[in-house]
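Take a look at the structure below.
Derivation of every value follows stated rules applied to the coordinates shown; laboratory data play no part. Since the structure is predicted, the reported quantities are computational estimates derived from the model, not experimental observations. We place every Cβ from the backbone using ideal geometry, glycine too, and count neighbours over all the protein chains shown.
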């Protein structure tokens, strides 16, 4: 038996302290493992060259009020082979803790991403009745972003504490808008996160947009929203990730947030 199974009651107690819905055990154990992975990773050398970004970084470092699935990173000049070695070093430590994992490397036209699979954990924790179901955590890294003004934030949850490199809120807002515009299939979480980021005071970072050639992203986002809108299906798809069902109403504010960003952009120019 590994420590996760033995200490699951304590993990759920930490979740209560974090105001997580304890009935959502699948989301809680995923977030615990994400936290543990980021904690163990950023204890290693050379991690100043890796910026933790995306929805999960907002969740773990800034308390975004929803569960998130993937671990996303901006690769700041780390060789892919070196990065994979760092990831595997973390899992070697997990092996010494009797945590069984599978390591998957996926190569696509757009790049390389990795996946951690835990083959037995959900069944051992009685979260699933299917002994073959695996918990999966995708690790994605992007090398194309430039000009990040990274900052160091304190990861502090589930008994783990560590300094973590991340992008500024303004840069994450730009990246989220780009994700919304470029996805073939819109992800409702992008709309939710953009509304939340705006409420936290995030604004478009002009220099970051210029360096990365995305100066029209707000215009593109408004055009896409005018065509696509906010269908009811977005709310249904987002709800399983939310701590409070009523938070789905934030999606209705997306168009207004885009409008406010446009006004601020005009005032700035």
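Enter the angle in degrees (range 0 to 90, nearest 10) between the Cα long axis of helix 188-199 and the first principal axis of the Cα atoms of the chain, meaning the one along which they spread out most. In the chain, helix 188-199 runs at an angle near 70 degrees to the longest axis.
Using the Cα coordinates of the chain, the gyration tensor eigenvalues translate into equivalent-ellipsoid semi-axes of 32, 23, 17 Å, sorted from longest to shortest.
Ordering 232, 112 from the fewest to the most neighbouring beta carbons within 10 Å gives 232, 112.
As a test of the formula, what do you get for the chain when each DSSP H run with n ≥ 4 contributes -39,500 (n - 2.57) and the sum is divided by the residue count, at 222 nm and rounded to the nearest 500 deg cm²/dmol? Walk me through the numbers before you get to the answer.
Values: 12 runs with 127 residues, N = 269.
About -14000 deg cm²/dmol.
Against the main long axis of the alpha-carbon atoms of the chain, helix 217-228 sits at an angle near 90°.
Once you divide the Cα radius of gyration of segment 168-269 by 2.2 N^0.38 Å, the number left is 1.04. Of the residues 161, 137, the one with the fewest other Cβ atoms within 10 Å heads the list, and the complete ranking is 161, 137.
Compute the separation of the alpha-carbon centres of segment 123-200 and segment 10-76 and state it in Å as a whole number. That distance is 8 Å. Model label sites at residue 97 and residue 151, defined 7 Å from Cα along the beta-carbon direction, differ in position by 2.8 nm.
Determine the shape class of segment 81-120: with a ≥ b ≥ c the square roots of the Cα gyration tensor eigenvalues, call it rounded for a/c under 1.5, and otherwise prolate if a/b is greater than b/c, oblate otherwise.
On the way: a/c = 5.20, a/b = 1.67, b/c = 3.11.
In terms of gyration-tensor shape, oblate.
What list do you get for 117, 82, 30 if you sort them by fewest beta carbons within 10 Å? Mind dumping the intermediate values first?
Details: 117 15, 82 12, 30 20.
Listed from fewest to most nearby Cβ atoms, that is 82, 117, 30.
Rounded to the nearest 10 degrees, the inclination of helix 8-17 to the longest alpha-carbon principal axis of the chain is 30 degrees.
If Rh is defined by the Kirkwood formula over all Cα pairs and Rg also comes from Cα, what ratio Rg/Rh do you get for segment 1-84?
Numbers: Rg = 14.3 Å, Rh = 14.1 Å.
That ratio equals 1.02.
Which translational diffusion coefficient, to the nearest whole µm²/s, is obtained for segment 81-197 from the Stokes-Einstein equation, given a Kirkwood hydrodynamic radius over C-alpha pairs, 10 °C and 1.306 mPa s? Provide the component values of the computation, followed by the final result.
Working: Rh = 17.3 Å.
After rounding, the answer is 92 µm²/s.
For residue 233 and residue 249 in one chain, what is 0.36 nm times their gap in residues minus the Cα-Cα distance, to one decimal in nm? Could you put the intermediate results ahead of the total?
Numbers: separation 16, 0.36 × 16 = 5.76 nm, distance 1.27 nm.
Full extension of this stretch gives 4.5 nm more.
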